[in-house]
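Student: First the structure, which I've put down as structure tokens, then a few questions once you've had a look.
The values are calculated or read from the model by the stated rules, or taken from the named source; none is laboratory data. Being a predicted model, the structure only gives us computed values, none of them experimental. So basically every Cβ, Gly included, is an ideal-geometry build from the backbone, and we count neighbours across all protein chains shown. Ligands, DNA and RNA are stripped out before the accessible areas are found, and what is left, the full protein with its side chains, is counted by its heavy atoms. Shrake-Rupley method; radii C 1.70, N 1.55, O 1.52, S 1.80 Å.
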Amino acid sequence: MESETVVMYPSPEMGHLVSMVEFGKLIHTHHPSLSIVILITLAPSKTGSTSTGKYINTISGTIPSITFHHLPTIALPPELSSHEFVDLSFEIPQLYNPIVHDTLVAISDESTIKGVILDFFTNAAFQVSKTLDFPTYYFFTSGASGLCSLLYIPIIHTTTSGDINDLNFYFDIPGLPPMHASDMPTLLFDRESISYKNFINTTGNMAKSSGIIVNSFVGFEESAVETLRDGKCIPDRPTPPIYLIGPLIAGGNLVDSSENECLKWLNSQPSKSVVFLCFGSRGVFKKEQLKEIAIGLEKSGQRFLWVVRDPPPGHENESSSGSKEFDLEEFVARTVDKGMVMKNWAPQPAILGHDSVGGFVSHCGWNSVLEAVVAGVPMVAWPLYAEQKINKVLLVERMKVAVALRMSSEGFVTAEAVEEKVTELMKGEEGRVVRERILEMSRRAKAAVVDGGSSQVDLRKLTQSWNAT
Ligand code: UDP
């Protein structure tokens, strides 16, 4: 019998790559005879491939039937060198199309391709895969509610004009609570931008795909899932099958011994006493904002573990440490009895799973949300980019697993607001509600992935559809 393969084509940045690879691991666990080939391209950010390299090595070293196929590095045309991260995330896969075509043909000479799974950023390969007649799926790295809002973009496009950021009203998006225009992703604010056009194109292809796989679970987003499956988010054509197979999180694979310093520190802290602050793979603050966080944390009197990322080269605040406005090293020395600061990166899933952690100030990136839910750690929602403001509204108003932070329209947060919400989360009445509610969601998350759980059922439906072809 000829071997069978599933080809995955993630965006190579941490927040996108890890969950798709974890999905590959899940398929492998249930269908060890299927080979998984994961295509890796040049990363749109300068740090992308260095931060994922260790993770990729760990997986390839332990699961031989998952193969990482590193496509050759290509030179970016000079006109792209000044493009923003999100634009590049769409444009680089476009450049890779001829290579992806040849790679898929070569794989299919050796093995039957049961499915090609794309990220929305690797949407450029949709036409390639369809032309070669492979069943083509999308793996959506945010939740079902985020998917409702993404699939609704073409409707916003045709029913509004101009910059939606100027509109002072609430969108009535099927499956979501009323969403204020200012909470929509900033990417949608400029109709002429490269990413705007790419998102419109991607949603059209997603609607025509063989299925959309979502890293979430039904018990977390019931009404969004129901709305999607009722076809309300794609009114003009049948909605493809929607598979919720999560929560998929990286767990231990992101930890290495050099990072265990903070886990050791956590071992010496009381149960549920530490608030953890971490803002994803791209969250960077100006010094004035770092200063407010520091003052707020100190005044709250709570124990803390805070990850402070250095801005990328060329950023206006090139060093996040010592400056006239704020000296991070001095703050660290002053608060050594109460907290710890990690520079740039910390093993987040392991930290959230540590018994000493009782709260999480999060940028509401979807992987971070799922990791907090699985670990049962309530959140203070501090959205920064992408669809995170939508996630904040959902986490606070619908799922009730986070408290919201007061911020200015530019996203600035004062020390008082940090102090107030960190204290509320760890000790207050509003905090008590979210502390209880997240434990319920954590129970549901675990129930979804055991035998007979909703995510297992959806995974079986997906793989059965492969067997049928
Ligand atoms: N992450 C981590 N340590 C850090 C920052 C991030 O382990 O210091 C991991 C985090 O656990 C999550 C991923 O990087 O798995 C970030 O994904 P998310 O969707 O939360 O945010 P993004 O980086 O895509 O904005």
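Student: Can you list the residues, at least 5 places off or on another chain, whose amide H is less than 5 Å from the amide H of Ile213, using H built in the peptide plane?
Tutor: Hits under the 5 Å cutoff: Tyr138, Phe139, Phe140, Tyr243.
Student: Separate question: Among bridges DSSP assigns within the chain, what percent are antiparallel (round to 5)?
Tutor: 5
Student: Highest mean first, how do 192-202, 404-414, 209-219, 347-357 rank when packing is the count of other Cβ atoms within 10 Å averaged over residues?
Tutor: So the order, starting with the most tightly packed, is 209-219, 347-357, 192-202, 404-414.
Student: So, one more: Can you tell me the orientation of helix 85-110 relative to the chain, as the angle in degrees between its alpha-carbon axis and the longest Cα principal axis, to the nearest 10?
Tutor: The answer is roughly 40 degrees.
Student: If packing is taken as the mean number of other Cβ atoms within 10 Å per residue, what is the order of 149-156, 82-89, highest first?
Tutor: Going from most to least packed, we get 149-156, 82-89.
Student: Ordered by packing density, taken as the mean number of other Cβ atoms within 10 Å over each peptide's residues, highest first, how do 383-391, 427-435, 139-147 rank?
Tutor: Put in order of decreasing packing, that is 139-147, 383-391, 427-435.
Student: On a C-alpha basis, how far is the centre of the range 8-68 from the centre of the range 78-111 in Å? Whole number, if you could?
Tutor: 16
Student: How far is the Cα center of the range 147-200 from the Cα center of the range 334-396, in Å?
Tutor: 27
Student: A follow-up question, please. Working out 0.36 nm times the residue gap between Ala75 and Thr159, then minus their Cα-Cα distance, what length gain in nm do you get to one decimal?
Tutor: Net length gain for the segment: 26.3 nm.
Student: Still on this structure, please answer the following. Would you calculate a helix-derived [θ] at 222 nm for the chain, using -39,500 (n - 2.57) for each DSSP H run of n ≥ 4 and dividing by the full residue count, to the nearest 500?
Tutor: Counting only the DSSP helices, I get -13000 deg cm²/dmol.
Student: Sticking with this one: What is the helix-to-structure angle for 48-62, meaning the angle in degrees between its Cα long axis and the longest Cα principal axis of the chain, kept from 0 to 90 and rounded to the nearest 10?
Tutor: Approximately 70 degrees, to the nearest ten.
Student: Calculate, for Glu110 and Thr58, the FRET efficiency according to 1/(1 + (r/R0)^6) with r their C-beta to C-beta distance and R0 25 Å; round to the nearest 0.05.
Tutor: The pair Glu110/Thr58 has a calculated efficiency of 0.45.
Student: Could you state, as a whole-number percent, how many of the C-alpha pairs of the chain are farther apart than 27 Å?
Tutor: Percentage above 27 Å: 55.
Student: Extension gain His30-Gln464, at 0.36 nm per residue separation less the Cα-Cα distance, in nm?
Tutor: The span from His30 to Gln464 would gain 155.1 nm if fully extended.
Student: To continue, here is another question. Taking a point 7 angstrom from the Cα of Ser271 along the C-beta vector, which residues in the range 430-448 have backbone N less than 13 Å away?
Tutor: Label zone hits: none.
Student: Filter the cross-link list Lys114/Lys461; Lys287/Lys400; Lys197/Lys461; Lys338/Lys427 down to pairs whose alpha-carbon distance in this structure exceeds 24 Å.
Tutor: Numbers: Lys114/Lys461 14 Å; Lys287/Lys400 31 Å; Lys197/Lys461 33 Å; Lys338/Lys427 17 Å.
Correct reply: Lys287/Lys400; Lys197/Lys461.
Student: Additional query: Of the accessible area of the range 8-69, with the probe set at 1.4 angstrom, what percent is carbon plus sulfur?
Tutor: Working: 1340 of 2260 Å².
Ligands and nucleic acids excluded, carbon and sulfur give 59 percent.
Student: Calculate how steeply helix 454-467 sits against the longest principal axis of the alpha-carbon atoms of the chain, using the helix alpha-carbon long axis, and give the answer as 0 to 90 degrees to the nearest 10.
Tutor: Here the helix axis deviates by roughly 20 degrees.
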